[in-house]
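Inspection log for the structure reproduced underneath, given as structure tokens.
Values in this text are rule-based calculations from the coordinates and carry no lab data. Keep in mind that what you see is a predicted model, and the values were worked out from it rather than measured. No Cβ is skipped: glycine too gets one built from the backbone with ideal geometry, and neighbour counts run over all protein chains shown.
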Amino acid sequence: MSDNEELEKRSRLLKSKIQKHLEKDEDTSSEDRKAGYQAYNEGFRLVIEFTTAILVGGALGYFIDTNFRTLPGGLIIGIILGFVTGVYNLMRYGNDKALEQSSTVSNEDKN
């Protein structure tokens, strides 16, 4: 077999693999894409909620510090309470998702 024939054979094989890959990408349903976007949105929402809890706790602590002249005690306590609140929100979300997923699995088992 000459080099040109081998090159042509490899070229045809590569083109067929590319074609199969492109067809596979076209088969991806819009529901799969929506599920991916939903997961991204939920994750982004959790990050925002966690960060907001810490910032609000810190702001309240700073407000207490400036009014009662307790610098930096209120700020530190506020940030810690904000962090605890953020973790609590994350855990609550995780528990809700676990319950939702277990109910979905149990409903599928019944069918």
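Just to be sure I understand the rule: take each whole DSSP H helix in the chain, project its Cα atoms onto its long axis, keep it if the span is 27 Å or more and its mean Kyte-Doolittle hydropathy is at least -1.0. Which ones pass?
30-68, 73-110
Distance in nm between label sites at Leu55 and Tyr40, each 7 Å beyond Cα in the beta-carbon direction?
2.2 nm
Using Cα pairs closer than 8 Å and at least 6 residues apart in sequence, work out the relative contact order for the chain, in percent.
20 percent
Per DSSP helix of 4 or more residues, -39500 (n - 2.57); summed, then divided by the residues of the chain. What does that give at 222 nm, rounded to the nearest 500?
-33000 deg cm²/dmol
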